[in-house]
Amino acid sequence: MSNQPLEYEDFYVALWGNISARIVSAEYIDKNREFIDSITFDYYRIYEMSDEISMPMIRRMIESVFFNLFRFQPELNNC
């Protein structure tokens, strides 16, 4: 790919500004800022490592994870 890589702040806006609010609401993002920031940073590092992964692909992965997280509501406290 020949796209110029995004800086972290632009990546964050491009990612969460385009995630469907039906899947992850702005309220959820605000209430879980540390969690969202951590996930965003992890995906940003993946984005930096390879020009084979696109923003639409990253957005789709995150939407899929959150869709299933909210749908199945797995118990996370006993991990």
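The values are calculated or read from the model by the stated rules, or taken from the named source; none is laboratory data. Not measured: the values here are computed from a predicted model. Reconstructed Cβ throughout: ideal geometry from the backbone, glycine too, with neighbour counts over all protein chains shown.
Brief remarks follow.
- Of all the listed residues (Asp51, Asp42), the sole one being surrounded by 11 or more Cβ atoms within 10 Å (Cβ to Cβ) and either modelled with pLDDT under 95 or not polar (S, T, N, Q) (or both) is Asp51.
- Applying the set (1) part of a helix (DSSP H, G or I); (2) surrounded by 13 or more Cβ atoms within 10 Å (Cβ to Cβ) to Val13 leaves exactly one unmet item: (2).
- Taking (1) outside any helix (DSSP H, G or I); (2) within 15 Å of Ala21 (Cα to Cα) in turn, Val65 satisfies each apart from (1).
- Residue that is farthest from Val24 (Cα to Cα) [pool: residues in the stretch 54-79 that are of a type in the set (D, E, K, R) and exposed (fewer than 12 other Cβ atoms within 10 Å of the Cβ)]: Glu75
- Unique match (being touching a residue at least 40 places away in the same chain (Cβ under 8 Å), of a type in the set (A, V, I, L, M) and part of a helix (DSSP H, G or I)) among Ile23, Ile58, Ile36: Ile58
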